[in-house]
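The values are calculated or read from the model by the stated rules, or taken from the named source; none is laboratory data. If you're wondering where the values come from, they're calculated on a predicted model, not measured in any experiment. When we count neighbours, we look across all protein chains shown, and the Cβ atoms used for this are built from the backbone with ideal geometry, even at glycine. All accessible areas refer to the heavy atoms of the entire protein, side chains included, with ligands and DNA or RNA removed. Shrake-Rupley method; radii C 1.70, N 1.55, O 1.52, S 1.80 Å.
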Amino acid sequence: MQHAFVTGGGGDIGAAIGQRAAAAGYRVALVDQNGERARERAAGIAGAIGLACDVSDEASVHAALDAAQAEFGSVPDLVVNCAGTARFKPLIEQTLEDFRRVLDVNLVSGFIVGQAAAKRMAPRGSGCIINITSINGVTPAPNSGAYASSKAGLAKLTELMAVEWGPLGLRINAVAPGFIDAGLSAPFFANQTVRDLRCKAVPSRRLGRSEDIADAVIFLASDAASYINGHQLVVDGGASRALLALLPREAPAQS
Ligand SMILES: NC(=O)c1ccc[n+]([C@@H]2O[C@H](COP(=O)([O-])OP(=O)(O)OC[C@H]3O[C@@H](n4cnc5c(N)ncnc54)[C@H](O)[C@@H]3O)[C@@H](O)[C@H]2O)c1
């Protein structure tokens, strides 16, 4: 049976990816710095395990990969880098400590987890790595601190991984969520006015769900995507394409 290793698995999007991966036939390891939440989420997924792991710490990542490998008896077939954090504050007020922590958790972790996974997958000659980026990495939101830079960096790292590890039989892609009604964005969307305004800014006229992201991940991991490598799939209902639709304009002339 195939085995999926999902970081940030104690969170909303990571847990949804775990659910969809199990439905697609994977045994699932949900790993999170909050090991208790990872284990709670795993308890709701058939055959899944939850593990504590800090993705910014190389030894912790290797220990979690070892534990998942021991449990499932194989190197992971799918690794999803979904752990993420943010420090929302105007850039002028950001502390260096916060800036560096966001880069560590969102970008450096992509290198740590990706390299650790690739070293295990390469001898087998197959494997899939999917990095969860953000439309913030495409278009930076005000007050997002290091978040936009970290996600843009992770998208570029995805391309380099595909270039260097594609010849080893690996596929490395990214999924960039838009406005998802869950997890890190839940505090914003608790405000009904913000929800309504954000929905209006999305061509598909709704907020995204964790399952929208999970479905994209499972598609990219599947054989249907076997020739897709080094790609960032934006899953945002068209939001990042809608800048010109949001510009004020005169009403069209009546004929
Ligand atoms: N929710 C959104 O609107 C949205 C939009 C774009 C991108 N994303 C990305 O999706 C991913 C999942 O976010 P979410 O919305 O489900 O948030 P979430 O807070 O529910 O999940 C994030 C998880 O990452 C874990 N985590 C944080 N630091 C960690 C570390 N050092 N080691 C291991 N685990 C760590 C947290 O404990 C948490 O469980 C993140 O990478 C986020 O940047 C989310």
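Residues whose amide H falls under 5 Å from that of VAL235, counting only those 5 or more places apart or on a different chain, are ALA176, GLY178, with hydrogens built in the peptide plane.
Counted residue by residue at 0.36 nm each, then reduced by the alpha carbon distance between them, the extension gain from ARG101 to LEU243 reaches 48.1 nm.
A simple rule links phi to the HN-Hα coupling: the Karplus curve 6.51 cos²θ - 1.76 cosθ + 1.60 with θ = phi - 60°, which for the range 197-202 gives 5, 5, 4, 5, 7, 9 Hz, with x for Gly and Pro. What angle do you read, to the nearest 10 degrees and between 0 and 90, between the alpha-carbon axis of helix 12-23 and the longest principal axis of the chain? Computed tilt is about 50 degrees.
Across the range 3-235, C-alpha contacts under 8 Å between residues 6 or more apart give a mean separation that, scaled by the residue count, equals a relative contact order of 20 percent.
Reducing the range 130-204 and the range 52-69 to their Cα centroids gives an inter-centroid distance of 24 Å. Model label sites at VAL194 and ASP57, defined 7 Å from Cα along the beta-carbon direction, differ in position by 3.1 nm. Any chance you could look up the accessible area of VAL105 with a 1.4 Å probe, heavy atoms only, rounded to 10 Å²? Here the accessible area works out near 20 Å².
Taking a point 7 angstrom from the Cα of ALA201 along the C-beta vector, which residues in the range 214-255 have backbone N less than 15 Å away? Only 236-248 pass the distance filter. Element breakdown for the chain at a 1.4 angstrom probe: carbon and sulfur atoms account for 54% of the accessible area.
Altogether, the Stokes-Einstein calculation at 4 °C and 1.567 mPa s, with the Kirkwood radius of the range 17-162 over Cα pairs as Rh, returns a diffusion coefficient of 81 µm²/s.
On full extension, the segment bounded by ASN143 and ALA122 gains 3.6 nm, given 0.36 nm per residue less the C-alpha separation. Looking at the range 180-221, which trypsin sites (Lys or Arg not before Pro) are in a loop (DSSP not H, G, I, E or B) and have at most 16 other Cβ atoms within 10 Å? Sites meeting the loop and neighbour criteria: ARG205, ARG206, ARG209. Excluding ligands, DNA and RNA, the accessible surface per residue across the chain is 49 Å² with a 1.4 Å probe. Note on LYS156: accessible area is roughly 120 Å² with a 1.4 Å probe, heavy atoms of protein only.
For the range 1-94, the equivalent ellipsoid derived from the Cα gyration tensor has semi-axes of 25, 15, 11 Å, listed largest first.
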